[in-house]
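First comes the structure, then the notes that go with it.
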Amino acid sequence: MIARSLLFLLAANLAAVSCRADAPAAAAPTPPPLHFTRYLSARDGEARLQAVPIPASASEGTGEVASITLDPRIRYQQIEGFGGAFTEAASSTLQKMPAAKQEEILHAYFDPAKGLGYTLCRTHINSCDFALGNYAYDEQPGDFDLKNFSIERDRQSLIPMIKRAQQISHNGFKLFASPWSPPAWMKTNGEMNNGGQLKPECADVWARYFVRYIQEYAKENIPIWGVTVQNEPAAVQSWDSCTYTAEQERDFVRDHLGPTFAQAGLANVHIMIWDHNRDLLYERAKVVLDDPQAAKYVWGIAFHWYVSDSFDNVQRAHDAWPDKHLLLTEGCQEGGPHLGEWAVGERYARSMVEDLNHGSVGWVDWNMLLDQDGGPNHVGNYCSAPIIADVKTGEVHYQSSYWYIGQFSKFVRPGAVRILAAPTSDNLETTAFVNPDGHLVVIVLNRSELRIRFDLKSGDQSGRVDAPPRSIQTLVLN
C-alpha cells in the first residue's frame, strides 16, 4: 500500500516537471533603445554634414546585420582639436574674394554653430612653398642681435586672416607655428630653398628667433600655443627647406630651443619634434626622446601623412612614450585642386580614423583655402584644399574633404577622450569619444559600395542604423 502511494506521488511529480518543460519560456525583456542624432555626408544624394533621420530600411529586410559595440569604461588619449593651416597662400586668396565671400569662408571654418568649429590650427614661421615668395623676418646677414626682426610681411594678409578667425571662433583656437627654413644667412647653402642645414654658429640666434616670433605675435594678441622644430627635416625640397639629422634636432632642442624658451618665460609653449612622415616617426623620435635632457622639453611628436600609411608607427611611438603627445600636423591632396573628387574626402577620413585610433590627439589639415589652380605657390607645387575659391569668378567650392573633416571637428570637442569602439565589419571604419559634456560621439566611415545595416550598442542599449555606400556619419548619443 505504501509502495503504491510512493509510486503515485513520483508519477505526479514527473508529470508536473513534464508540463513545466513544455510551457513557453518567459520572453526576455526588450533592451531599451539607444537614442542618438545622426549627421551624414554621402556621395550619393545631397546629405552634406546634415542631420538626417534613420531610414525605415535600417530596421526592415533580411540579411546580415553588423554591429559596433562601445565601451566608455575603456579610455585612451585626450583630444586637443582639429583644424587647418593659415598660410600666405590662403590669406592672399581670401583677400581677392568679395567681402561677403570672405566672411562666408571664415564662418565656414570657425563658426562653431554654422561651420566646422576649428579648434587647433597651424601657421608658418618665415615663408613656405605656399607663400608668394621667399621671405624671412630678418634678412640682414650677420644680425645676431635680431635688430632688424619684423613681422611686417605677415601683417599684409596672414595676421588679418588669423584675427578675423579669432573673432568668429567664439571660444578661440590653439595656434602652432612651423619653420620651413631659417633665413638664408643662417644656413650652410646660403639660401632658403633646396635644403641646406642650420649653421652650428647660428643655433643660438635661431632659438632666439623663435622667441622673438612668439613675442611679436603676442603683441598682435595672437598667442602661439606651440611650435615644431622644423617642417619635414628629412626632405631637400626645391622650395623653403632645411634638413636636420635626428641627432642635430636632439641637440638643438636640448642645448638651445628648450633652454631659450625656459629663460624667456615660454616654457608653456609646446615643442614638437619630427613634423614629417609616419615611416620614420618612431626611428627619429627615439633619438631625441631617449635623451632625458632633450625629452624634458618635448611635449610631443608631430607627423605628416605623405609617403606612408604606417599607422602602426603612431601606435608604437604612443606605447613607447605614453607621456608624449602625437599630432598629425599636415595632410593634403597633392597635384592640383581635385575639384569635386569624393575620394579625396575619404582619404582624409581614413587617415583621421586610423591616426586617432593609434593615439593621435588631433588632426590638422594643410591650407585652409587655395585658388582655382590649387595655389598660389611660388614653386608651382599646387595642391587641393577643403575650400577652393575661384578668384576670377568669385565662386566658393566646398570639397569633399571639407565635409569629411567636419564630421570630426564639429562634434569631437577639445578635452574629449577616445573610448573603445569595436565594429564587426571591416567595411565600417569607426572611432568614438566621450565629450567633456558627457555625450558619446561615434564616427562611422563606409568607403565600400555596400549599404550596411548595423546595431550600435552601448551597455544594455542598442539602436539600428544604416551606413549608405561611400558615406561618413557622426552619431551623437542623447
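Below, the figures for the structure above:
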read-out: Yes/no for T260 being in contact with a Leu (Cβ under 9 Å, 6 or more places away or on another chain) and modelled with pLDDT of 95 or more; value: yes
read-out: Residue match in the stretch 186-199 (condition: surrounded by 21 or more Cβ atoms within 10 Å (Cβ to Cβ) and β-branched (V, I, T)); value: no
read-out: Test: residue in the stretch 192-209 that is free of Cβ contacts under 8 Å to residues at least 12 places away in the same chain, in a helix (DSSP H, G or I), closer than 22 Å to S91 by Cα and out of contact with any helix residue (DSSP H, G or I) (no Cβ under 6 Å at 6 or more places or on another chain); value: no
read-out: Residue in the stretch 127-141 that is in a helix (DSSP H, G or I) and touching a strand residue (DSSP E or B) at 6+ places or on another chain (Cβ under 9 Å) present; value: no
read-out: Some residue of the stretch 266-279 being in contact (Cβ under 8 Å) with a residue 40 or more places away in the chain, over 24 Å from G83 (Cβ atoms) and either touching a strand residue (DSSP E or B) at 6+ places or on another chain (Cβ under 7 Å) or surrounded by 20 or more Cβ atoms within 10 Å (Cβ to Cβ) (or both); value: no
read-out: Search result, residues across the stretch 421-441 that are under 16 Å from R350 (Cα atoms), of a type in the set (S, T, N, Q) and more than 21 Å from the chain's Cα centre (by Cα); value: S425, N427
read-out: Residues that are part of a loop (DSSP other than H, G, I, E, B) and surrounded by 23 or more Cβ atoms within 10 Å (Cβ to Cβ), drawn from the stretch 165-182; value: W180, S181, P182
read-out: In the stretch 349-378, the residues that are assigned to a loop (DSSP other than H, G, I, E, B), in contact with a Pro (Cβ under 8 Å, 6 or more places away or on another chain) and in contact (Cβ under 8 Å) with a residue 60 or more places away in the chain; value: M368
read-out: Subset of the stretch 213-228 [farther than 14 Å from D154 by Cβ, surrounded by 21 or more Cβ atoms within 10 Å (Cβ to Cβ) and not hydroxyl-bearing (S, T, Y)]; value: G226, V227
read-out: Selected residue (only one of D323, D355 is surrounded by fewer than 18 Cβ atoms within 10 Å (Cβ to Cβ), at pLDDT 95 or above and assigned by TED's automatic domain parsing to the domain that holds V253); value: D323
read-out: Residues being among the aliphatic types (A, V, I, L, M) and farther than 22 Å from Y213 by Cβ - total across the stretch 236-285; value: 5
read-out: Selection count where residues are basic (K, R), closer than 22 Å to A113 by Cβ and part of a strand (DSSP E or B), scope the stretch 395-435; value: 0
read-out: Enumerated helices (runs of 4 or more DSSP H) restricted to the stretch 267-339, each holding at least 2 residues that are of a type in the set (S, T, N, Q) and over 25 Å from M368 (Cβ atoms); value: 311-320
read-out: Residue within the stretch 43-60 that is in the same structural domain as S241 (by TED's automatic domain parsing) and either among the charged types (D, E, K, R) or without any contact (Cβ under 8 Å) to a residue 12 or more places away in the chain (or both) present; value: no
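The values are calculated or read from the model by the stated rules, or taken from the named source; none is laboratory data. Because the structure is a prediction, the values reported are computed rather than measured. Neighbour counts run over all protein chains shown; Cβ positions are idealised from the backbone, glycine included.
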